[in-house]
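Note sheet for the following structure.
The values are calculated or read from the model by the stated rules, or taken from the named source; none is laboratory data. All figures in this text were calculated on a predicted structure; none of them were measured in a lab. In this analysis, Cβ positions are derived from the backbone assuming ideal geometry, glycine residues included, and neighbour counts consider all displayed protein chains.
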2 protein chains.
Amino acid sequence: MPKDNKNSFNLKTPKGTKDWSGSDALLRDRIFSTIADVFKRHGGTALDTPVFELREILAGKYGEDSKLIYDLQDQGGEICSLRYDLTVPFARWLAMNPDVRSIKRYHIAKVYRRDQPAVSKGRMREFYQCDFDIAGAFDPMVPDAEILRIVTEVFEELGWQGRYTIKVNHRKILDGVFEVCGVPPEKIRPISSAVDKLDKMSWADVRKEMVEEKGLDGEVADRIEKYVAGKGARELLESLWKDESLTANASAKAGLEEMGLLMDYLEAFGCLDKISFDMSLARGLDYYTGVIYEVVTEGSAPAVSSSAPEAQKLQKSGKKDKSKSGNLEDEDRSNDPTLGVGSVAAGGRYDNLVGMFLPKAQIPCVGVSFGVDRIFSITKARLEREKSNEALRSSEVDVFVMAFGGKGFTGMLKERMEVCQKLWNAGIKAEFSYKIKPKLPQQFKAAEQGGVPFAVILGEDELAAGQVRVKELGLEEGHPEKEGVLVELSALTDEVKARLAKKQSQTSAKADISGVTQQLEAVKVEAPKTEDAGV
Amino acid sequence: MPKDNKNSFNLKTPKGTKDWSGSDALLRDRIFSTIADVFKRHGGTALDTPVFELREILAGKYGEDSKLIYDLQDQGGEICSLRYDLTVPFARWLAMNPDVRSIKRYHIAKVYRRDQPAVSKGRMREFYQCDFDIAGAFDPMVPDAEILRIVTEVFEELGWQGRYTIKVNHRKILDGVFEVCGVPPEKIRPISSAVDKLDKMSWADVRKEMVEEKGLDGEVADRIEKYVAGKGARELLESLWKDESLTANASAKAGLEEMGLLMDYLEAFGCLDKISFDMSLARGLDYYTGVIYEVVTEGSAPAVSSSAPEAQKLQKSGKKDKSKSGNLEDEDRSNDPTLGVGSVAAGGRYDNLVGMFLPKAQIPCVGVSFGVDRIFSITKARLEREKSNEALRSSEVDVFVMAFGGKGFTGMLKERMEVCQKLWNAGIKAEFSYKIKPKLPQQFKAAEQGGVPFAVILGEDELAAGQVRVKELGLEEGHPEKEGVLVELSALTDEVKARLAKKQSQTSAKADISGVTQQLEAVKVEAPKTEDAGV
């Protein structure tokens, strides 16, 4: 215990980290449970690994990004580092558990990168990842298709209908294209990285990088342009099959076959229409060996495909101007924290990673990682525009138990406690004032601040007659139940449960993010509110 | 990406850490959600802080245990350490957020201590804490009583009815006792620590420590003995009120008054009968200023109050001998991993901690921390004895979709996918074989291994007629539905939901830990099983 009360503390969290509290924490937890529910629906089992790993486990997995790894101090004993992602710990776990030949695992946890933080864009040094991976040797593209089905379910249940695009490509097709166009083998990965920038740079800039920085022949670059412009689905695949130089390439042909299978399976899963086969998607990580995908939303990329730095846009901040635009997505671009946040989910097939730990235990894998902090920022910005009360509460309390009385009023503390006990026993979320004699307006204010939907009000005479008053808060003047209704104490919990169920079904089927966003959709056509939507 | 596939990895997790997977992870998550549900029912809001803090925030908070803090390496920039508990980060957050004058916050997260691990006893270097704290200046003992009510709700909902004891004491009473007995002021904390060992040492050994190690006058020690033997509830409080030397002491009198209030409030909360006022409870941490409490279960303390080291008992391992004892708790003491694990929850009032960060922001707090790893070990040991199938599944899949056929059988992969799509759309947890042409026995085996309760079976002729077979797995021979029932495809999801609901209501109301443990209770009177219950 400290004897010194030196007040020299630097009261902050470490750089690039933050506390999550109140409505932010609640909204984030709802996003987590929405995603976890989808994972479990597909037979996912949870894996939780230590926050730090032996340093040698992480070594050699992240290329030059290894410099971003947080190391623990050598305090005697093992040398450890904080995990950089959830994929390498999963591969380490698979290698350590040779009896597990196949698994669908999910992992929702924090990862650590000593990157330059950009808090306004949701880029932190400590941030969450939500990963789902399927490990095991199966018939081609079956688990790959299920991963993409999971991606669609997650975004549909988050209420993003029509607001997201799943770009899909295949490393084998892409590598085949590069070979056919004449890219020398040693330049395939660097040229692939350049192509990957087409979502934020114009073709002219990408071509410049290929030719001037990476020394590619200009004619080769021009041949690439034709291919990487391809976007579509079955029709794109068919046109590629007609390209004889491409189908003559072994890698491209294998990729096209797998892409065809994938589309068949996605159709059987009812989600082929959610997918965009996008030849410009290349993904940064080297370890992908098959299908790759990335989910983008309207706010993912800078608004124009110029090479202007994103920071430029972010500097133009100011009051949010609620224009009469019918499209919510076009609003507030100037200081929208979700602008340019990059993809909201990404992944692909990686068949060789486990073998890096244990060559004899080669286990093919395919998976996806959801960027929850980005998903959170976008969802929160939407809810704030709408000032959605339900979603921005900091707790989930259903009932505030309060009391009032005339002169000689004791405060009825024990009676309030007893009523709370009844409600808790029935599983109802309830709180009460911790004051012995609270004033009625204070109690109402506390309930309102917490967004609590119902009050149970104890009056001395009513309670003596075995009754309490149940009052829905926030009803308009003139509502027949504005003053609440008297209920027998013995019937209180049933009455409260019935009213909660009714209220819930009125607002949304599940009172979840999806419900809230559906309300947002409905609001699009209404006149804009005048209040400032800033925090 | 690594070019070197040197196979020199040390494939393990760091010392004192472990991976959580399969049924362990699922059971632990159920314990988390049981606890979190209780927290939310009492208006708790989530707080999530970074896993590391600036080192100066942690400095001077943990006395000599500070040597157990994990430090991050200085990689340029701030100097940080992994958090040691969740209380100091909470106090730091309160000091940083001066607009928050009161809050009920919960936090479920990992903490880090470079202690000597004892895996068999659940003592790890990385482990979870579940904390609930109420901060704010309120009328005395009201939030304190709600914390104790929360403790009872948690253990009742975990199904520990009658298996746990909540010991409660008050620092002011204890300090008053020491003063009255003649303990010099500078010896009060050391003597308090000695008293705290009475749960694992005999009075003779504790007295020896007081007199020989800590230099207390033997007569003073003997006076203490009379007081610290006190256990009970209202009757103990009344007897202390009759002790005039004690009531003449200002600290003791204030403590007795608060303890009386606490008992009144616990009565109003309907949980006074769960509490044991125990004068020997002292708690190690110095920062407690008021009521203190600790929850113990049958396995918490060594079986005898001798000074024999706990290790001695743990060495006597061996096959678990399922005797005909009627009391499950008396079994398997020799190698029970839950033996001597210490308390399963503990806490108290600490009114001065926030002021250590910001003297002007003094905020009184009271809280409790649940030792989830210990709760997990005890719960798992019980379930293993019972070989509870439901609780030891590794995923929660409801339906396995399979197909079979005669010669020319295609495998019906797309049809299985389409049926899965229907089930997923209806929110039903479903999986299928990733093989194009799986054999029927393989599919049944996969379903059985996963503990999946239902199969939906596709046959070519039946499907052509728009029908599929729904089969509950694990039915006994001769059961009228042993071979399953044919269902119209259009009615499949309703049929499956109805059967799942029925099955769920048969096994337990909530299919949670509580339900499972209730089954265990029921099993107590049955004849013991002969299988070995070891892992």
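Please go through segment B:50-68 and give me each residue that is of a type in the set (A, V, I, L, M, F, W, C) and at the interface with chain A (Cβ under 9 Å from one of its Cβ atoms), ordered by number. Matches in segment B:50-68: B:51, B:52, B:54, B:57, B:59. For residue A:154, the test of being within 14 Å of chain B (Cβ to nearest Cβ) and under 30 Å from residue B:422 (Cα atoms) is passed. Of B:94, B:47, B:72, all but one fail to be crowded, with 17+ Cβ neighbours inside 10 Å, farther than 24 Å from residue A:74 by Cα and either more than 7 Å from chain A (Cβ to nearest Cβ) or over 25 Å from the mean Cα position of the chain (by Cα) (or both); the exception is B:94. Of everything listed in (1) surrounded by fewer than 24 Cβ atoms within 10 Å (Cβ to Cβ); (2) in contact (Cβ under 8 Å) with a residue 40 or more places away in the chain, the single unmet condition for residue A:411 is (2).
Within segment B:95-106, being at pLDDT below 95 and in contact with a helix residue (DSSP H, G or I) (Cβ under 7 Å, 6 or more places away or on another chain) holds for B:95, B:98, B:100.
Screening residue A:57 on (1) surrounded by 24 or more Cβ atoms within 10 Å (Cβ to Cβ); (2) more than 23 Å from the chain's Cα centre (by Cα); (3) closer than 19 Å to residue A:349 by Cβ shows it passes everything except condition (3).
For the residues B:48, B:37, the requirement of being among the acidic types (Asp, Glu) and farther than 17 Å from residue B:160 by Cβ singles out B:48.
Within segment A:149-174, the residues that satisfy the criterion of being within 21 Å of residue A:41 (Cα to Cα) and not in a helix (DSSP H, G or I) are A:158, A:159, A:160, A:161, A:166.
Could you tell me which numbered condition residue B:451 fails, if it satisfies all but one of (1) within 38 Å of the chain's Cα centre (by Cα); (2) buried (at least 22 other Cβ atoms within 10 Å of the Cβ); (3) more than 7 Å from chain A (Cβ to nearest Cβ)? All conditions are met except number (2).
Across segment B:182-212, the qualifying residues are those that are touching a residue at least 12 places away in the same chain (Cβ under 8 Å) and acidic (Asp, Glu), and the one among them that is nearest to residue B:245 (Cα to Cα) is B:196. Can you find a residue that is aromatic (Phe, Trp, Tyr), over 30 Å from residue A:93 (Cβ atoms), in a loop (DSSP other than H, G, I, E, B) and in the same structural domain as residue B:137 (by the TED database) anywhere in segment B:48-66? Yes; the residues of segment B:48-66 include at least one that is aromatic (Phe, Trp, Tyr), over 30 Å from residue A:93 (Cβ atoms), in a loop (DSSP other than H, G, I, E, B) and in the same structural domain as residue B:137 (by the TED database). Checking B:431, B:477, B:418, B:396 one by one, the residue that is facing chain A (nearest Cβ under 10 Å) and free of Cβ contacts under 8 Å to residues at least 24 places away in the same chain is B:418 and no other.
Residues in segment A:244-286 that are within 11 Å of chain B (Cβ to nearest Cβ) and closer than 23 Å to residue A:139 by Cβ: A:261, A:264, A:265, A:266, A:267, A:268, A:269, A:270, A:271. Name the residue that is nearest to residue A:51 (Cα to Cα), counting only residues in segment B:113-129 that are touching a Ser or Thr at 6+ places or on another chain (Cβ under 7 Å) and assigned to a strand (DSSP E or B). The residue in question is B:126.
The listed residues are B:110, B:12, and the only one of them that is facing chain A (nearest Cβ under 9 Å), outside any helix (DSSP H, G or I), over 22 Å from the mean Cα position of the chain (by Cα) and basic (Lys, Arg) turns out to be B:12. Yes or no: segment B:94-103 includes at least one residue that is free of Cβ contacts under 8 Å to residues at least 60 places away in the same chain and closer than 29 Å to residue B:240 by Cβ. No, segment B:94-103 has no match at all. Taking the conditions exactly as written (of a type in the set (Val, Ile, Thr), more than 10 Å from chain A (Cβ to nearest Cβ) and outside any strand (DSSP E or B)), does residue B:100 satisfy them or not? So residue B:100 does not fit the description; no. Within segment B:440-467, residues that are without any contact (Cβ under 8 Å) to a residue 40 or more places away in the chain sit with their Cβ atoms under 9 Å from residues that are of a type in the set (Ser, Thr, Tyr), at 6+ positions apart or across chains, in these pairs: B:442/B:433; B:466/B:490. Which one of the conditions (1) in a strand (DSSP E or B); (2) surrounded by 21 or more Cβ atoms within 10 Å (Cβ to Cβ) does residue B:178 fail to meet, given that it meets all the rest? The number of the failed condition is (1). Among the residues of segment A:75-91, the ones that are in a loop (DSSP other than H, G, I, E, B) and at the interface with chain B (Cβ under 10 Å from one of its Cβ atoms) come to 5 in all.
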